[in-house]
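Written out below as structure tokens is the structure these notes cover.
The values are calculated or read from the model by the stated rules, or taken from the named source; none is laboratory data. Since the model is a prediction, treat every value here as computed from it, not as a measurement. Using ideal geometry, Cβ is built from the backbone for each residue, glycine included, and neighbour counts are taken over all protein chains shown. When the accessible area is computed, the model is the full protein with side chains, heavy atoms only, and any ligands, DNA or RNA have been set aside. Shrake-Rupley method; radii C 1.70, N 1.55, O 1.52, S 1.80 Å.
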Amino acid sequence: MAVEVCVKAAVGAPDVLGDCPFSQRVLLTLEEKKVPYKKHLINVSDKPKWFLEVNPEGKVPVINFGDKWIPDSDVIVGIIEEKYPNPSLIAPPEFASVGSKIFPTFVSFLKSKDSSDGTEQALLDELKALEEHLKAHGPYVNGENICSVDMSLAPKLYHLEVALGHFKKWSVPESLSHVRNYMKLLFERESFQKTKAEEKYVIAGWAPKV
């Protein structure tokens, strides 16, 4: 029985993969482990009845390995790792929180209307911390091989690049060369190309929040 996974459909295009970074994280993990899966695209503004029956909270992503639907991307990627241990995507415990504050600081800066409120600097500080980590341990978070932390960061960094580029004409400074190279390596991976939302759907997803 193939693994089934429910992920967000694009805003205004229910037959196209949507812009949820947590959904992409799960798809990336399945792709990197070469696990066959069936994908259900969920229109989050008009959720199908069957989906709400099996998943009353209505959140995506959810996954089914054959017996029940399981929510929460953190839980899901942990179970994928247990069931499909090769190739291992386990990150060393000391690297588990690398880059973990980038997404919330990105969201704060994206929503900010005041250029002097410190949100840009907060994001730069987090990106500089990632730069120092990659300088010491790169090219990925755990060296030459990708790990679960990369699977989590890749969609978030993609949202950062697309949304800040569009809404604020902002990009990661060239001085952060390891971060820029890291993003390039991640975005060029076949798994990423197969699971990313088109830029226009990322923009459409953020537009009501900005």
message: Can you give me the solvent accessible area of residue 119 with a 1.4 Å probe, rounded to the nearest 10 Å²?
response: 30 Å²
message: If I model a spin label at residue 170 and residue 114 as a point 7 Å from the Cα along the Cα→Cβ vector, what separation in nanometres do I get?
response: 1.5 nm
field: GNM top mover of 181, 86, 43 - the chain, alpha-carbon springs below 10 Å
entry: 86
- prompt: To the nearest 10 Å², what's residue 69's accessible area with a 1.4 Å probe?
  reply: 50 Å²
message: List residues of segment 159-199, by number, whose backbone nitrogen lies under 12 Å from a label position 7 Å along Cα→C-beta of residue 121.
response: none
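Trypsin sites (Lys or Arg not before Pro) within segment 66-111: which are DSSP loop residues with at most 12 other Cβ atoms inside 10 Å? Don't jump to the answer; show the numbers that get you there.
On the way: sites: 68, 83, 101, 111; in loops: 68, 101.
Listed in order of number, the matching sites are 68.
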query: Could you give the angle, 0 to 90 degrees to the nearest 10, between helix 21-32's Cα long axis and the longest principal axis of the Cα atoms of the chain?
result: 70 degrees
- line: In the neighbourhood of residue 107 defined by beta carbon distances under 13 Å, the net charge of the other residues (Lys, Arg +1; Asp, Glu -1) is +3
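Test of understanding: given the chain, find the longest segment containing no GluC sites (Glu not before Pro) that are in a DSSP loop and have at most 11 other Cβ atoms within 10 Å.
Details: sites that count: 57, 144, 174.
Segment 58-143 is the longest.
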- prompt: So, with +1 on the Cβ of K and R and -1 on the Cβ of D and E, and no other charges, what is the size of the charge dipole of segment 32-143 about its Cα centre, to the nearest 20 debye?
  reply: 540 debye
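Do the sum for the chain: with -39,500 (n - 2.57) for every DSSP H run of n ≥ 4, divided by all residues, what is the mean residue ellipticity at 222 nm, to the nearest 500 deg cm²/dmol?
Values: 9 runs with 104 residues, N = 210.
That comes out to -15000 deg cm²/dmol.
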statement: Taking Lys and Arg as +1 and Asp and Glu as -1, residues besides residue 151 with C-beta under 12 Å from its C-beta add up to -1
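Dipole of the chain, Cα-centred, from +1 at each Lys and Arg C-beta and -1 at each Asp and Glu C-beta, to the nearest 20 debye?
Working: 26 positive and 29 negative charges, 96 e Å.
For the chain, the charge dipole is close to 460 debye.
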message: What is the percent carbon and sulfur in the accessible area of segment 1-83, measuring with a 1.4 Å probe over the protein chains and ignoring ligands?
response: 52 percent
